[in-house]
Amino acid sequence: MNIQGDCAERETSKIKLYMKTEARSMFFMLFQQGVQVKTSVGLNVRSILKNVFDITDEFIERRISTILLDGKVVDDIDRAIIKEGSTLALSGAMPGLVGATMRTHSAYESFRRAITYQEKENFYPERIGLFTIKLFNVLTHELAPTLLKKGIILHTEQLKEMFLEKERILSKYLKKACIDNNEVKPTMLIHYDRYKGMCLMEIDFSEAENDS
Amino acid sequence: MDKIIRINMAAEPAPEVKITDTKGYEGLGGRGLTSAIVFKEVPPTCHPLSSYNKLVIAPGLLSGTMAAMSGRISVGCKSPLTGGIKEANAGGQPSQMLARLGYAAIVIEGKPKGDDLYKVLINKDGVKVEKDNSLKMLGNYETVERMKKEFGEKISCISIGPAGEMRLAAASVACTDIELRPTRHAGRGGVGAVMGSKGVKVIVIDDEGTKMREPKDRERFRQANAKFIEGLRKHPVTGEALPAYGTNVLTNILNEAGGYPTYNFKEGRFLGAAKISGETEAALETERGGVATHGCHHGCVIRCSGIYHDKDGRYLTKQPEYETVWAHGGNCGIDDLDKIAMLDFLDDDTGLDTIEMGVTIGVAMEAGLLKFGDADGAIELIKEVKKGTPLGRIIGSGALVTGRVFGVEKVPVVKGQGLPAYDPRAVQGIGVTYATSPMGADHTAGYAVATNILKVGGFVDPLKPEGQIELSRNLQIATAAVDSTGMCLFIAFALLDQPETFEALIEMINAFYGLKLTADDVVNLGKNILTMERTFNRLAGFTKEHDRLPDFFKREPLPPHNVTFSVTDEELDQVFNW
């Protein structure tokens, strides 16, 4: 499924789930493949990281070791700009020579110069737009919950596939589900045939905790 | 650890064992010792499977001590795959046990006249070599089971599978892990074929009645070890990423960066990467009752391995690591972790290098022998190797031979050895190491060791265009030194970022041996090892023209970034100018 290729499509449905926190990890696979977010684009990587994830400069410095923008390693997060349709991938510390090479400001930067991100745009207008985020390894656990709460945009086929695969976990931890503000039975998430194209999914873990 | 076991397999009427001192090789361990013995005692032009070649098995300088992470064992010889000098190393238990018995190395010399197969028992009472033809063509798992029945469960084993017995150039030497399974392999370069040519099926090590090796300065050693462990635990790679996800945590990032060789190095991204990533693998292992965080030897504090269960919750293999998952996965277009785990098990049981097998099957797919993505076809090919069919013997001889037999132009090898899991067009610096390492294409030959802490060749400015040549040189020097200690190379990540952890390692060596080594001495050790290895290769007929990547890396752009390998031959020739 080409997530990036579907960027131009707009969401047709809004899905809201109320779940127990134990079920968080069932959604992590989605972040390896990439999910879209709608936010102000045309800003540098640092600004977008702070806006989207509500994180501090210290967190960026300490926890995000590797940043890839459109598949290239970003060293200067204040210069690299995220545009409509961009793909931003984030990783914690990685092993191996190549893992160290891929780090932001790596001492081995010369090893991967062919894939180091060079910003070509001097100006890109700020506007609301869609871009893709991928989260890997420890950062999935640390950053995905915030995004799930704020809402992610993904292809409904991708979502159906995940619901089918995780049906057992879903039935155990799902408290309530709404599609386009209408409450539906959990089974409807898998068999609902009205949503197609892209959809916005938000997950509220806290309410479920209160319920239980 | 001041004795060497020398087993002459050519002696009549039976193999002869001599225990010698380490004269001429004092202060050497691991790769330093294997390369020194091969350099001094093996004629560079000999046939690798002849009686003139020697198989050297050596624990590291700190193996058998309380030092954390000191369980690597080096296996050296003239390689039947590359035709040059070879050191391949593995984890598992044999290194610690052999060192505790006081042995710095086992040297297997000569070659028996007939086709009898032998087992070797090493314990506190000495060394015994016995004929045992009942072990013929057994897989590594069954071989170890038989040894357990005969010698009990407190042993460790170094063995070969059918691939080694058939003297195939991709054959590995297996070492048993904590659970006494043959899952840790000195994989690269066909070292198993050399063991097979000596007629040795298995070496059983029983360290009952021995104690930990005692340092000269016990308290200083204890403190340095504690500091070393603290450094490993606090570092985000050794304390967090590796324990949680293993080395396969690299899949997603390499794929995203477009440097994940896919379909026999045709593309830099694999659509199925997320299905076989370290994150997915760890989650699956946990879900099925396996283990996602596990050490391969006692004293490991990183614990980057794991135990992989099948769909029914039964043991299938150890956690396949990044190189294996890539070689059998993305490189062959296979995105099914269960099939990859089965391939890993078959490789281990047959005694094959997983990287070489994945690269070889990729070449076979390129040839049209089977389709990319055909996991069952790949499994059948490894089974052919185990059975010793003509096709299996071709596949078991590695990528270069397979490419020649099937007329394939695009064969990703350097010095005859298959390239590991990083495309050198995207990560060009590692291409420099692939091209110039005396070992052939080897991702561990130049690791992320703290070159600027070591100040190997002075401080390197990574922003200079020539930075990658200097860095590759320095990394290769530093790696050769670490490979001599018996330390797992994964300590490199903590050494890279934390000078105090690197100092703790040197302090441990000094406290153990009563030495005053400095960083300069470590550098000199690394340089000496590389000089010996390069000299051996030169005398074996290698020239600078062998220090090259296959031509297609310079000509075929790699999607998605459409980059080619742009380091010039002249630059490559500067790597070993020191």
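Just so it is clear, none of the values below were taken in a lab; they were calculated from the coordinates. It should be emphasised that the depicted structure is a prediction, and the values quoted were computed from it without experimental measurement. Using ideal geometry, Cβ is built from the backbone for each residue, glycine included, and neighbour counts are taken over all protein chains shown.
Across the range B:181-194, computed HN-Hα scalar couplings (Karplus, 6.51 cos²θ - 1.76 cosθ + 1.60, θ = phi - 60°) run 10, x, 9, 10, 10, 7, x, 7, x, x, 4, x, 5, 5 Hz from first to last residue, x flagging Gly and Pro.
Which of rounded, prolate or oblate describes the range B:114-190 when judged by the alpha-carbon gyration tensor and an a/c cut-off of 1.5? Please report the intermediate quantities before stating the final value.
Numbers: a/c = 1.68, a/b = 1.21, b/c = 1.39.
Because a/c hits 1.5 or more and a/b fails to exceed b/c, the range B:114-190 counts as oblate.
Can you tell me the dipole magnitude for chain B around its Cα centre, using point charges on the Cβ only (Lys, Arg +1; Asp, Glu -1), in Debye to the nearest 20? Don't skip to the end; give the middle numbers.
On the way: 66 positive and 74 negative charges, 272 e Å.
Charge dipole of chain B: 1300 debye, to the nearest 20.
Look at the dipole of the range B:246-418 built from charges on Cβ: of B:378, B:401, B:296, the Cα furthest out on the positive end belongs to B:401.
Straight Cα distances below 25 angstrom link residue A:175 to the lysines A:14, A:16, A:20, A:149, A:150, A:160, A:166, A:185, A:196, with same-chain residues fewer than 8 positions distant left out. Database remark: amide H of residue B:352 closer than 5 angstrom to the amide H of B:172 (H placed geometrically; neighbours at sequence offset of 5 or more, or on other chains; Pro and chain starts carry no H). When the Cα positions of B:232, A:147, B:522 are compared along the charge dipole of the protein assembly as shown, B:522 comes out farthest toward the positive end, with charges on each C-beta of Lys, Arg, Asp and Glu.
Within straight-line reach of residue B:383, meaning a Cα separation under 13 Å, sit the following aspartates and glutamates at least 8 residues removed in sequence or on another chain: B:344, B:347, B:348, B:349.
Relative contact order, percent, of chain B when contacts are C-alpha pairs under 8 Å separated by at least 6 residues?
Details: 1465 pairs, mean separation 91.9, N = 578.
It comes to 16 percent, rounded to a whole number.
For residue A:176, the residues 5 or more places off, or on other chains, whose built amide H falls under 5 Å of its own are A:18.
Fewest neighbouring Cβ atoms within 10 Å first, the residues A:178, B:77, B:157 line up as A:178, B:157, B:77. Between B:11, B:126, B:74, the Cα set farthest toward the positive side of the dipole of the range B:3-206 (charges on each charged residue's Cβ, about the Cα centre) is that of B:74.
Rounded to the nearest 20 debye, the dipole magnitude of the protein assembly as shown is 1060 debye, with +1 charges on Lys and Arg beta carbons, -1 on Asp and Glu beta carbons, and the Cα centre as origin. In order along the range B:104-115, phi translates into HN-Hα couplings of 7, 6, 10, 10, 9, 10, x, 7, x, 6, x, 10 Hz, rounded to whole numbers, per the Karplus curve 6.51 cos²θ - 1.76 cosθ + 1.60 with θ = phi - 60° and x for Gly and Pro.
I need to check one value: relative contact order of chain A, counting alpha carbon pairs closer than 8 Å and at least 6 residues apart, in percent.
On the way: 404 pairs, mean separation 80.1, N = 212.
Value for chain A: 38 percent.
For residue B:136 and residue B:18 in the same chain, what is the full-extension length gain: residue separation times 0.36 nm, less their Cα-Cα distance, in nm?
39.9 nm
Pairs from the table (A:72/B:386; B:113/B:544; B:40/B:516) lying more than 32 angstrom apart at Cα are A:72/B:386; B:113/B:544. With contacts taken as Cα pairs under 8 Å and at least 6 residues apart, the range B:37-96 reaches a relative contact order of 32 percent. Diffusion coefficient of chain B by Stokes-Einstein, Kirkwood radius over Cα pairs, 25 °C, 0.890 mPa s: 105 µm²/s. On the beta carbon distance between residue B:217 and residue B:154, with R0 = 30 Å, the FRET formula returns roughly 0.50.
Let me know the mean shielding of A:129-141 by other chains, meaning the per-residue number of their Cβ atoms within 10 Å of its Cβ. Before the final figure, lay out the partial values.
Working: counts 0, 0, 0, 0, 0, 5, 2, 13, 12, 7, 0, 2, 2.
Going residue by residue through A:129-141 and averaging, the value is 3.
Dipole magnitude for the range A:4-211: about 260 debye, using +1 per Lys or Arg Cβ and -1 per Asp or Glu Cβ, origin at the Cα centre. For the peptides B:474-482, B:556-564, the ranking by packing is B:474-482, B:556-564, with the highest mean count of neighbouring Cβ atoms within 10 Å listed first.
Does the protein assembly as shown classify as rounded, prolate or oblate by the C-alpha gyration tensor (a ≥ b ≥ c root eigenvalues; a/c under 1.5 gives rounded; else a/b over b/c gives prolate, otherwise oblate)? Kindly include the intermediate steps, with their values, before the conclusion.
Working: a/c = 1.75, a/b = 1.61, b/c = 1.09.
Judged from the Cα gyration tensor, the protein assembly as shown comes out prolate (a/c at least 1.5, a/b above b/c).
The mean number of partner chain beta-carbon atoms within 10 angstrom of a residue's beta-carbon across peptide B:418-427 is 3.
Helices in chain A that qualify as membrane-span-like (whole DSSP H runs, Cα extent of at least 18 Å along the helix axis, mean Kyte-Doolittle hydropathy of -0.5 or higher) are A:138-150.
The residues B:25, B:434, when put in order of fewest to most other Cβ atoms within 10 Å, stand as B:25, B:434. Within straight-line reach of residue B:198, meaning a Cα separation under 12 Å, sit the following aspartates and glutamates at least 8 residues removed in sequence or on another chain: B:109, B:115, B:116, B:165.
Note on residue A:38/residue B:298: beta-carbon distance plugged into 1/(1 + (r/R0)^6) with R0 of 56 Å gives a FRET efficiency of 0.60.
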